[in-house]
Amino acid sequence: MNVEQYMTELGQAARDAARLVARADTQQKNKALLAMAEALDASREALALANAKDLAAGRDSGLDDAMLDRLELTPARIDAMIEGLRQVATLPDPVGAIADLKYLPSGIQVGKMRVPLGVIGIIYESRPNVTVEAASLCLKSGNATILRGGSEAIHSNQAIAACIRTGLDQAGLPGTAVQVVETTDRAAVGKLITLPEFVDVIVPRGGKGLIERVSNEARVPVIKHLDGICHVYIDDQADKGKAINVALNAKTHRYGTCNTMETLLVNTAIAAEVLPELAERYQAVGVELRGCEQVKAILPFVKSATEEDWHTEYLAPVLSIKVVDDMQAAIRHINQYGSHHTDSIITESYSRSRIFLREVDSSSVMVNASTRFADGFEYGLGAEIGISTDKIHARGPVGLLGLTSEKYIVLGDGHIRQ
């Protein structure tokens with residue numbers, strides 16, 4: 001069977017399964033999730049053996065240490081997958097929820113009901129734990145899913161898939177509700193993203209190259225973010241202690257995440273007061289600083305920032321810094337150079353904070369908080385399938401609610417339009 005035929009058959013099976021999953025009740029879905037957790041717990045040895053094959057192949061093919069680390073299924077990561085399934089089982093089920101139901105002058109009632117999206121295709125790299133995260137969120141939100149993991153994790157993902165099928169079977173749900181693509185052929189991705197008759201949404205999780213390819217070639221709607229060029233703006237009415245703590249955390253908590261600050265903006269009236277201490281703290285942990293001319297006047301030792309720096313997601317211990325005249329200048333910079341991901345203002349001014357919240361065009365906008373909070377778990381969503389910087393359907397961290405849509409419902413009692 002060629003790849004095109006194989007993927008088409010997966011798509012048809014997913015479409016058929018989606019109808020059954022959509023009408024499954026909460027108890028049945030939770031039973032499947034908990035059974036998956038038990039199956040993973042009972043299959044630790046098989047998971048470790050499968051993962052060892054992937055790690056050995058990865059070393060032979062020259063994967064770097066960071067990739068190998070993401071690929072490894074340690075006992076702690078297996079524990080986390082199991083706990084994640086159990087946590088998703090405790091989350092409220094969005095499917096079937098009715099909101100905004102109200103009587104209109106005609107006598108009918110009109111409201112909105114939450115419904116699944118249908119079939120969700122998820123394309124991801126390296127980390128086998130994404131297989132469990134994606135499967136659990138899609139199932140709980142009433143969707144069928146097709147999962148295409150990276151070729152470097154093929155054995156690990158198939159071992160996890162066996163546990164997922166066990167859980168579905170024990171709950172009386174079709175095994176095709178969650179399908180993990182078995183081929184490593186790259187053509188499978190190209191086919192998956194061009195199956196609008198079977199796939200309703202694509203979610204790419206991986207590097208910029210993968211997301212760009214999916215965005216450019218997909219004939220199916222895509223939930224995605226491309227870059228995480230996040231900003232913190234320190235206002236002249238900021239509390240200095242808060243400003244320093246937030247600016248440090250936003251950059252140094254973790255360097256390689258999409259919600260890490262990449263550019264620090266500082267009001268000119270407070271720059272000389274906060275930048276020397278911040279620079280000392282950054283240098284103590286090895287962060288390279290790049291600044292505009294006004295920054296260099298205060299910190300002569302920093303490198304000069306170029307136009308490219310304002311456009312760059314470093315994902316590394318590098319930070320660009322710019323002094324701005326006022327909040328409006330900061331907002332203009334963010335809206336011009338940012339990626340619409342996450343941006344924060346540090347200020348004690350209520351009116352300025354509200355203007356910043358209203359005028360910054362990003363999926364998460366914060367006041368006196370680190371950009372590192374832009375995360376589904378931190379937002380109380382329980383988990384996330386990814387972060388969207390698009391404006392249609394889902395924006396920001398995408399949890400169970402973002403994997404559903406709404407339809408209008410009308411309740412009448414023989415009403416006719418006059």
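Computed from the coordinates by the stated procedures, all read-outs in this text should not be read as laboratory data. These figures come from a predicted structure and were not determined experimentally. Here the Cβ is made from the backbone with ideal geometry for all residues, glycine too, and neighbour counts use every protein chain on show.
As a test of understanding, state the convex hull volume per residue of region 1-43 from its alpha carbons, in Å³.
78 Å³
Can you work out the FRET efficiency for the pair K208 and E38, with r the C-beta to C-beta distance and R0 = 41 Å, to the nearest 0.05?
Taking R0 as 41 Å, the efficiency between K208 and E38 is 0.65.
Tell me the angle of helix 26-42 to the major Cα principal axis of the chain, expressed in degrees between 0 and 90 and rounded to the nearest ten.
In the chain, helix 26-42 runs at an angle near 80 degrees to the longest axis.
More than 29 angstrom separation, counting every C-alpha pair in the chain; what % is that?
Roughly 52 percent, once rounded to a whole number.
For helix 3-22, report the angle its Cα long axis makes with the longest principal axis of the Cα atoms of the chain; keep it between 0 and 90° and round to the nearest 10°.
Helix 3-22 and the main axis of the chain meet at about 80 degrees.
Okay, which of region 14-40 sit inside 20 Å, backbone N to the point 7 Å along the Cα-Cβ direction of H393?
14-23
For E217 and Q87, what is the calculated FRET efficiency with R₀ set at 35 Å and r taken between the beta-carbons, to the nearest 0.05?
The formula returns an efficiency of 0.55 here.
Do me a favour and compute the ellipsoid semi-axes for region 204-297 from its Cα gyration tensor, root of five times each eigenvalue, largest one first, whole Å.
Semi-axes, largest first: 33, 14, 12 Å.
Which of G167, G96, G107 moves the most in a Gaussian network model of the chain with Cα springs under 10 Å?
Of G167, G96, G107, the most mobile in the Gaussian network model is G107.
What's the FRET efficiency of E277 with D64 using the Cβ-Cβ distance as r and R₀ = 30 Å, to the nearest 0.05?
The formula returns an efficiency of 0.30 here.
Can you pull out the GluC sites (Glu not before Pro) in region 153-214 that DSSP calls coil and that have at most 15 other Cβ atoms within 10 Å?
E182, E197
Calculate, axis by axis, the spread of Cα positions in region 377-418 along the three principal axes, and write the results as whole Å, longest axis first.
Computed over region 377-418, the largest-to-smallest principal extents equal 48, 21, 13 Å.
Report, to two decimal places, the Cα Rg of region 129-193 normalised by 2.2 N^0.38 Å (N = number of residues).
Cα-based Rg divided by the globular estimate yields 1.08.
For region 34-146, what is the convex hull volume of the alpha-carbon atoms per residue, in Å³?
Once divided by residue count, the hull of region 34-146 is 126 Å³.
Over region 310-376, consider all pairs of different Cα atoms and compute the Kirkwood hydrodynamic radius from their mean reciprocal separation; express it in Å, one decimal.
12.7 Å
Residues in region 77-93, backbone N under 19 Å from the label point at D169 (7 Å along the Cα-to-beta-carbon vector): list them, ranges by number please.
none
To one decimal place, what Kirkwood hydrodynamic radius in Å is obtained for region 69-202 from all pairs of distinct Cα atoms?
Its Kirkwood hydrodynamic radius stands at 16.5 Å.
I'd like the trypsin sites (Lys or Arg not before Pro) in region 1-70 restricted to DSSP loop residues with at most 13 other Cβ atoms within 10 Å, sorted by number.
Within region 1-70, the qualifying trypsin sites (Lys or Arg not before Pro) (loop, at most 13 other Cβ atoms within 10 Å) are R23.
Give me the one-decimal Kirkwood hydrodynamic radius in Å for region 274-328, with the sum taken over alpha-carbon pairs.
Evaluated over region 274-328, this radius sits at 11.7 Å.
Would you calculate the separation in nanometres between label points at A80 and D413, each defined as 7 Å from the Cα along the Cα-to-beta-carbon direction?
Using points 7 Å along Cα→Cβ, the separation is 5.5 nm.
What are the principal axis extents of the Cα atoms in region 171-218, in Å, biggest first?
The principal-axis extents, from largest down, are 39, 23, 17 Å.
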